[in-house]
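Participant: I have a structure here, written as structure tokens, and I will follow up with some questions on it.
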Amino acid sequence: MDIIMWHKVLSPYVMAVDELILKFDSLRREFQEQGQYCPIEHVTGRVKSISSILDKMAKKNIPPEKMEEQIEDIAGIRIICQFTEDINRVASLITSRTDIELVEIKDYIRNQKQSGYRSYHMVVHYEVNTINGPKKILVEIQIRTMAMDFWATTEHSLQYKYKGQIPERVGSRLSNAADAIISLDSEMSSVRDEIMDAQLSSKLRYNLVEDIVNTIESLYRMTSKREVEKIQEEFYRIYQSGDVEELVRYHHQLDLIAQAYHAQKNRVDEGIKISEE
Ligand code: 0O2
């Protein structure tokens, strides 16, 4: 039997997990920067442990030479969403990507597992560029809500504790909890628009404050300290009032003031250049 050089074999999987986490995080940032609601709450990933791979090979009778072909989740990405509706949105984002090729969908939300497990799995091909050239590997992307994730994580620990033989009394509690998760997700979906509005408005406020502070700092380099103090006092007054619309107006006004100072500074700089020539 060939010796498996585990760390060499797993290295492309580590690379894939790192790259995909970064790519999904970049998507989140893009949504945020454009002031849009982001269907991705957070992203995690892991490479399956050697012991877990060995367990799966034994359980499914997979020979070592078939390991990479038949174990689909050596590289695993988990995308957590706030609402059930976001799961489809994330799945479409993944399907439309050119760097990810869909192999199989396992929809455990429509087809809940006997255990009560619910999650949307996409098995995909992803290519990494290693020092030995490109390599296409399988990656399992699990997409689920925060509530589904809470259930799955808890149940997974219990499976581990009871070595897959969860006692009936615990199992029936887990089954009740799975039902509660379905109604929790559905309740949250019914107030989804309200929650999204609240989150976007808090994000808008955050972006406005960042922009205003940057503009005040740039003005500090162009005008008198007294002038900037007055601008800053006005900003604090409006911020304390909690009136977001007024903050939007003030942001716009400040932009115009900064543009005027920039234009004035450019004219002065031009004048200095001409007089030097
Ligand atoms: P880990 O520790 O997360 O890596 P199977 O035939 O069911 O043994 P298969 O064919 O690989 O597994 O595919 P499946 O059923 O889609 O499971 C893939 C992964 O989904 C599992 O990986 C779990 O992460 C998760 N999963 C599937 N079923 C359940 C469940 O009933 N409860 C929980 N908590 N998670 C589940 P691993 O290798 O089992 O575990």
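Participant: If the viscosity is 0.692 mPa s and the temperature 37 °C, what translational diffusion coefficient in µm²/s does Stokes-Einstein give for segment 114-155 when Rh comes from Kirkwood over Cα pairs?
Facilitator: 265
Participant: Going out from 0 in 5 Å bins, what whole percent of all Cα-Cα distances in segment 188-238 drops into each bin?
Facilitator: Pair shares across the bins are 4, 18, 19, 16, 11, 9, 8, 7, 4, 3, 1.
Participant: Same structure again: Roughly what % antiparallel, to the nearest 5, for the DSSP beta bridges in the chain?
Facilitator: Around 75 percent of the beta bridges assigned by DSSP in the chain are antiparallel ones.
Participant: Now for a different question. Are there trypsin sites (Lys or Arg not before Pro) in segment 154-226 that DSSP puts in a loop and that have at most 12 other Cβ atoms within 10 Å, and which ones?
Facilitator: Passing both the DSSP loop test and the Cβ count: Lys163, Arg221.
Participant: Continuing with this model, one more query. With a 1.4 Å probe and all protein chains left in place, how much of the accessible area of segment 195-276 comes from carbon and sulfur atoms, in whole percent? Each step should come with its number before you reach the end.
Facilitator: Details: 3020 of 5820 Å².
Looking at segment 195-276 in its full context, I get 52 percent from C and S.
Participant: Please work out the FRET efficiency for the pair Leu102 and Ser190, using the Cβ-Cβ distance as r and a Förster radius of 30 Å; give the result to the nearest 0.05.
Facilitator: It comes out at approximately 0.45.
Participant: Still on this structure, I have one more. Can you put Lys66, Lys136 in order of accessible area, largest first, using a 1.4 Å probe?
Facilitator: Numbers: Lys66 75, Lys136 110 Å².
Greatest to least solvent exposure: Lys136, Lys66.
Participant: How charged is the neighbourhood of Ser26? Take every other residue with its Cβ under 15 Å from the Cβ of Ser26, and add Lys/Arg as +1 and Asp/Glu as -1.
Facilitator: -2
Participant: Pulled fully out, how much extra length does the chain show between Glu217 and Asn88, if you take 0.36 nm times their separation in residues and subtract their Cα-Cα distance?
Facilitator: Details: separation 129, 0.36 × 129 = 46.44 nm, distance 4.23 nm.
That works out to 42.2 nm of additional length.
Participant: What is the Cα convex hull volume of segment 75-116 when expressed per residue in Å³? Write out the running numbers ahead of the final one.
Facilitator: Details: hull volume 4.5 nm³, N = 42.
Considering the Cα atoms of segment 75-116, their hull volume per residue is 106 Å³.
Participant: Taking +1 at the Cβ of each Lys and Arg and -1 at the Cβ of each Asp and Glu, which of Cys38, Met188, Ile274 sits farthest along the dipole of the chain towards its positive end, judged by Cα position relative to the Cα centre?
Facilitator: Towards the positive end, the residue furthest out is Met188.
Participant: If you don't mind, another one. Calculate one ³J(HN,Hα) per residue across segment 112-117 by plugging θ = phi - 60° into the Karplus curve 6.51 cos²θ - 1.76 cosθ + 1.60, and present them in order as whole Hz with x for glycine and proline.
Facilitator: 4, 6, 3, 5, x, 5
Participant: Taking every eigenvalue of the Cα gyration tensor of segment 3-168, multiplying by 5 and rooting it, what semi-axes result, largest first, whole Å?
Facilitator: The equivalent ellipsoid of segment 3-168 has semi-axes of 26, 23, 13 Å.
Participant: Restricting to Cα atoms and excluding each atom paired with itself, what does the Kirkwood estimate give for the chain in Å?
Facilitator: About 23.2 Å for the chain.
Participant: Using the Karplus curve 6.51 cos²θ - 1.76 cosθ + 1.60 with θ = phi - 60°, what ³J(HN,Hα) values do you get for each residue of segment 191-202, in whole Hz, with x for Gly and Pro?
Facilitator: Per-residue couplings from phi come out as 10, 4, 4, 4, 5, 4, 4, 4, 5, 5, 5, 5 Hz.
Participant: Suppose every K and R has +1 on its Cβ and every D and E has -1 on its Cβ; what is the size of the dipole of the chain about the Cα centre, in Debye to the nearest 20?
Facilitator: Dipole about the Cα centre, nearest 20: 1080 debye.
Participant: In cubic angstrom, how much convex hull volume per residue do the alpha carbon atoms of segment 1-101 span?
Facilitator: 118
Participant: At 1.4 Å probe size, with the rest of the protein present, what percent of the exposed accessible area of segment 3-168 is carbon and sulfur atoms?
Facilitator: 51
Participant: GNM on the chain, C-alpha springs below 10 Å: top fluctuator among Asn61, Asn266, Asn88?
Facilitator: Asn266
Participant: Let me ask something else about it. From the backbone phi of segment 204-214, what are the Karplus-calculated ³J(HN,Hα) couplings (6.51 cos²θ - 1.76 cosθ + 1.60, θ = phi - 60°) in whole Hz, Gly and Pro given as x?
Facilitator: Each residue's phi maps through the Karplus curve to give 4, 4, 4, 5, 4, 4, 4, 4, 4, 4, 4 Hz.
Participant: How much FRET efficiency would the formula 1/(1 + (r/R0)^6) give for Glu233 and Ala177, where r is the Cβ-Cβ distance and R0 is 45 Å, rounded to 0.05?
Facilitator: Once rounded, the FRET efficiency stands at 0.25.
Participant: State which entries of Lys106/Lys163; Lys60/Lys135; Lys23/Lys225 exceed 32 angstrom in Cα-Cα distance in the structure shown.
Facilitator: Lys23/Lys225, as the Cα separations exceed 32 Å there.
Participant: Let me ask another. Can you tell me the FRET efficiency between Asp2 and Leu158 if r is taken as the Cβ-Cβ distance and R0 is 45 Å, rounded to the nearest 0.05?
Facilitator: Calculated value: 0.75.
Participant: Related question: On average, how much accessible surface per residue is there in segment 3-168, in Å², for a 1.4 Å probe, leaving out ligands, DNA and RNA?
Facilitator: Ligands and nucleic acids excluded, the figure is 56 Å² per residue.
Participant: Another one. Give me, ordered by chain and number, the residues 5 or more places off Cys81 or on other chains with an amide H under 5 Å from its own placed amide H.
Facilitator: Glu41, Arg144, Thr145, Met146
Participant: Just to confirm my numbers, what's the Cα centroid distance between segment 179-240 and segment 100-151 in Å?
Facilitator: 35
Participant: So what are the radius of gyration and Dmax for the Cα set of segment 195-276, in Å?
Facilitator: Just the Cα atoms of segment 195-276 yield Rg and Dmax of 15.8, 60 Å.
Participant: To make sure I understand the rule: partners must be aspartates and glutamates, Cα under 18 Å from the Cα of Lys265, and not fewer than 8 residues away in the same chain. Which ones qualify?
Facilitator: Glu217, Glu227, Asp255, Glu276
The values are calculated or read from the model by the stated rules, or taken from the named source; none is laboratory data. Just so it is clear, the structure is predicted and the values come from calculations on it, not from any experiment. Because the Cβ atoms are built from the backbone with ideal geometry, glycine has one as well, and the counts that use them run over all protein chains shown. Note: areas computed on protein heavy atoms with side chains; ligands, DNA, RNA excluded. Shrake-Rupley method; radii C 1.70, N 1.55, O 1.52, S 1.80 Å.
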